[in-house]
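See structure below.
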Amino acid sequence: MYESIRDNVHRVLARIDQLRPGEGVKLMAATKMRTLGEIEAAIEAGVHLLGENKVQEAQAKYVSKSAVPLHMIGHLQTNKVKYAIGLFDGIDSIDSERVAEALNRRLNVTMPVMLEVNAGREEAKTGLVFEDVRSFLAKAEQWHNLLFVGLMVLFPASADKSSSEKKKIRDLMKETGELWRMSQKEGFSWAPLTELSMGMSEDYEWALEAGSTMIRLGAELFGARPKTGVM
Ligand SMILES: *Cc1c(COP(=O)(O)O)cnc(C)c1O
């Protein structure tokens, strides 16, 4: 029943190895709306991490700790912060100062987090636009319990786009790789930024070419997403 998931995970891991041999690029399974059975099949096949979008869904699904790290990749509501701290090994979706502050206030040990970047400047998405990343990171020194280990970057969907628009996304990924390297060079001790989490099912090969260290895949591993909430 889960053979296709296993095959999909193995195929993607092989592709990573082909494009970026020996670099330790990580495969995160984006597990929103997936069942625990599907998720366990993906873990067994070798995904390195899990990403969930909603605190409530994660609370319902993971009654015990998963065998691989579980990260939050969706918008974190400030009233859910206290639950998120116990559930997740990392929060990859710090998308505002408000969230950073709320999370920092509740923590009493350091938590690895990522700054979310909205590369396509899309209204419907959260995250910082490119030109705000530097000043945000400079300010992040004040949140003593947050260690910014990376950037998690969102791109416009590319599936239905013309080839010229697809090229734009590909160029945007290269630009993002440069932004990431520049941000690393700031040398902030609170923001080592070793990770660049970019690339989803539609565009992960481009992301790997552009320097991504972590790809986040849902449909490519599990098939098309169910429309209604199966948990
Ligand atoms: C759902 C989701 C993904 C995976 O999307 P697919 O297109 O199914 O690969 C990656 N990142 C985030 C933040 C997501 O919400």
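Quick note: the coordinates plus some simple rules give every number you see, no bench work behind them. What you see is a predicted model; the values in this text were computed from it and never measured. Cβ sites come from the backbone with ideal geometry, for glycine too, and all protein chains shown count toward neighbours.
Tabulated values for the structure
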| item | result |
| --- | --- |
| Of every Cα-Cα pair in the stretch 2-222, the percent that sits beyond 31 Å | 17 percent |
| About the Cα centre, charge dipole magnitude for the stretch 88-231 (Lys/Arg +1, Asp/Glu -1 at Cβ), debye | 120 debye |
| Rounded Å value of the spacing that divides the Cα centres of the stretch 1-62 and the stretch 185-204 | 19 Å |
| Over the chain: helical MRE at 222 nm, DSSP H runs n ≥ 4 each giving -39500 (n - 2.57), nearest 500 | -12000 deg cm²/dmol |
| Cross-link table K54/K167; K26/K54; K125/K161; K26/K65, entries beyond 25 Å C-alpha to C-alpha | K54/K167 |
| Loop-located trypsin sites (Lys or Arg not before Pro) in the stretch 49-107 whose Cβ has at most 16 other Cβ within 10 Å (DSSP) | K65 |
| FRET efficiency, 1/(1 + (r/R0)^6) with R0 41 Å, evaluated for K166 and V109 via beta carbons | 0.45 |
| With at most 13 other Cβ atoms within 10 Å, longest stretch of the chain clear of loop GluC sites (Glu not before Pro) (DSSP) | 24-122 |
| 12 Å beta-carbon shell around T78, net charge (K/R +1, D/E -1) | +2 |
| Coordinate range along principal axes, alpha carbons of the stretch 149-200, Å, largest first | 42, 16, 10 |
